[in-house]
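Enquirer: This is the structure I have questions about; it appears just below.
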Amino acid sequence: MINWQEIKDLHVISKLEEILSKWFGVEQIYSDMHYKIRSGHVDKGYDFKNHFFKVQMQMNHGYNYMGQDIEKVTDALEGEDDKARSFETFFKHVKGVGAKVEIGGEVLGSVFAYPFVSSSITEEEVEEIKKHMIAEGANEADASAAVDGLRRLYPREIEYLQELVELVADEIKTFHSEISKRESRIKELNSELGDKYRYHMMIGKSKGMQQIYRLLEKISSSESSVLIQGQNGTGKELVAKAIHFYSPRKEKQFVALNCSAFNDNLLDSELFGHMKGSFTGAVKDKAGLFEVANGGTLFLDEIGDTSLSMQVKLLRVLQEGTYLPVGAHAPKKTDVRILAATNKDLKAMMASGEFREDLYYRINVINVNLPSLKDRAEDIPILMDHFLKKRCDESGMAMKQFSKKCMEILLDYHWPGNVRELENEVERLVVLAGEDKMITPDLLSPRILESGDKPVAVARGINTNGSLKDALEELEAMMIKEGLKRCNYNKSKLSKELGVSRASLIMKVDKYDLDKRKKAAGE
Ligand SMILES: Nc1ncnc2c1ncn2[C@@H]1O[C@H](COP(=O)(O)OP(=O)(O)OP(=O)(O)O)[C@@H](O)[C@H]1O
């Protein structure tokens, strides 16, 4: 987005403004990508220097007429080359010059210089302008003074004016790209600083995560076993990887095994290996993970799901560093650091005799307890950005953005599936948004929109009490409002999306007072 206030304050721009005013009697007006007028502090109360505009702004709809001029010209300039063009304003025979500010294929705004009349204007045409102004609410004396004060420009002068307006547009482009360069440098520096919000592959700036990073720093170089606890999807495996990859064992293997995915026999063979012929199907010797991970780290996920007899075998490896492959007669030695994880309450399992106390104390030398995502909500925005960037980069799409409303809903949600659920939701949103840059709430999964048992309409802030007609109108207005923003106020595009005719959409925009010009004026 262009910073129009900074542009207005640029020396070269204010010089050009002076020249335009002195030699052509015109005012310099900017509008942004939403056709909102951005000339310095221009709003309804802006004090125009040009007398014609002063009179126009005293009319009931004077400001909106300027908005209409701007919208018409900006639309006409889209797709054209960068040249400035002359146009006729709301008041027939009163003219202006406009040029678009296009950067990277996107029209980010326009520059206008007006009002003036052509040197070939006739007396009848002058009278026509005055009558039109009076019909719009100006008094006779004001209308006469306003029209008589308009400069009459020769074709050569209009050409010259066009060149100057192009120059203003070029200056804005140059300034904007300089600023963008500076901003990307700031972003770079920021992301360097942002490293303190990461640890290996983990992201999180919350106090809870910062404490985890500090603990991990301390324990990586030790040889102790670690028990990582936390709900599903909180990042237990990421913690295990971080411990391994920052430890002296990093050059050796990191092997992860989900204990709940195997029955006892299979788990036995998976972990300790087997000898040829030890059971049907054992056609050759197989190395177990304790052998594969020798010198490295073995991550036993869902350790709370192992049987008591398996727990005895694991205890033996932890205590003596030896194990017996299935069908073997002699034990094997191993040097493996064990990291274990669970989302179960092992203490309660010990009390009920489902988990061995001695094994518990062996693996729980160091305990890492990951907070659930809802208890570290300040991490949600940075995780969202991280997954959004990752997804967009992977699929070669331009970076997208969450709408404010969408962000609010995601922040309010309780994320029972923790970071994994958030990652999946962002991936889904990127796919559903398609080519659109903005990710809007209508794309969210129904369970998120309906969270807190609120019906969709309530979650979207619609009052479901009162008459059905009122509620439907409220929903209609909200859909059109969001749609207008999403489609960049392109009514043809939105009417197709909503499945209504353009004329009917325009009527509804009027009915609900959603016209961007009025909005811009009121903001
Ligand atoms: N702090 C984090 N930063 C970035 N990504 C994360 C973070 N925490 C989790 N993730 C991502 O969320 C997903 C789930 O993480 P992980 O598998 O480590 O969780 P888990 O606690 O081991 O889950 P489960 O208990 O279901 O095995 C992964 O894709 C992981 O990359």
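Values in this text are rule-based calculations from the coordinates and carry no lab data. Here the structure is a predicted model, which means the values were calculated and not measured. Cβ placement follows ideal geometry from the backbone for every residue including glycine, while neighbour counts extend to all protein chains displayed.
Enquirer: 222 nm [θ] for the chain, helices only, -39500 (n - 2.57) per DSSP H run of 4+, per residue, to 500? Could you put the intermediate results ahead of the total?
Expert: Details: 23 runs with 261 residues, N = 523.
Taking each H run of at least 4 residues, the total per residue is -15000 deg cm²/dmol.
Enquirer: Right, here's the next one. Near Ser495, within a Cβ-to-Cβ distance under 11 Å, what is the net charge of the other residues, with Lys and Arg +1 and Asp and Glu -1?
Expert: +4
Enquirer: What angle, in degrees between 0 and 90 and rounded to the nearest 10, separates the Cα long axis of helix 155-194 from the longest principal axis of the Cα atoms of the chain?
Expert: That works out to roughly 20 degrees.
Enquirer: A follow-up question, please. Please compute the net charge surrounding Phe254, taking Lys and Arg as +1 and Asp and Glu as -1 over other residues with Cβ under 11 Å from its Cβ. Spell out each step's value before the answer.
Expert: On the way: positive: Lys241, Arg249, Lys250, Lys252, Arg337; negative: Glu237, Glu251.
So the environment of Phe254 carries a net charge of +3.
Enquirer: Which of the trypsin sites (Lys or Arg not before Pro) across the range 249-283 are loop residues per DSSP, with 16 or fewer other Cβ within 10 Å?
Expert: Answer in residue order: Lys250, Lys276.
Enquirer: Select from the range 372-458 those trypsin sites (Lys or Arg not before Pro) which occupy a DSSP coil region and have at most 14 other Cβ atoms within 10 Å, ordered by residue number.
Expert: Filter output for the range 372-458: Lys437.
Enquirer: Right, next: Round to the nearest 10 and give me the degree value, 0 to 90, for the angle of helix 11-24's Cα axis relative to the longest principal axis of the chain.
Expert: That works out to roughly 20 degrees.
Enquirer: If each of Lys131 and Glu80 carries a label point 7 Å out from its Cα toward its Cβ, how far apart are those two points in nm?
Expert: 2.9 nm
Enquirer: Enter the angle in degrees (range 0 to 90, nearest 10) between the Cα long axis of helix 123-135 and the first principal axis of the Cα atoms of the chain, meaning the one along which they spread out most.
Expert: Helix 123-135 sits roughly 60 degrees off the main axis of the chain.
Enquirer: Treating each Cα of the chain as an identical point scatterer and ignoring solvent, apply the Debye formula and state log10 I(q)/I(0) at q = 0.08 Å⁻¹.
Expert: -0.72
Enquirer: Can I ask one more? For the chain, what is the percent of antiparallel DSSP beta bridges, rounded to the nearest 5?
Expert: The antiparallel fraction comes to roughly 55 percent.
Enquirer: Which three semi-axes in whole Å describe the equivalent ellipsoid of the range 373-461, each the square root of 5 times a Cα gyration tensor eigenvalue, listed largest first?
Expert: 21, 16, 10
Enquirer: Figure the gain on full extension for Lys437 and Arg198 (residue separation times 0.36 nm, minus the Cα-Cα span) and round it to one decimal in nm. Before the final figure, lay out each step's value.
Expert: Numbers: separation 239, 0.36 × 239 = 86.04 nm, distance 2.67 nm.
Extending this stretch completely gives an extra 83.4 nm.
Enquirer: At a 10 angstrom cut-off on C-beta neighbours, averaged per residue, how do the peptides 107-114, 325-332, 225-232 rank from highest to lowest? Could you put the intermediate results ahead of the total?
Expert: Values: 107-114: 24.2, 325-332: 14.8, 225-232: 20.4.
Per-residue Cβ counts within 10 Å, averaged per peptide and sorted highest first, yield 107-114, 225-232, 325-332.
Enquirer: With the cut-off at 25 Å, tell me which of the pairs Lys36/Lys83; Lys100/Lys130; Lys15/Lys173; Lys36/Lys437 have Cα atoms farther apart than that.
Expert: Table pairs above 25 Å Cα-Cα are Lys100/Lys130.
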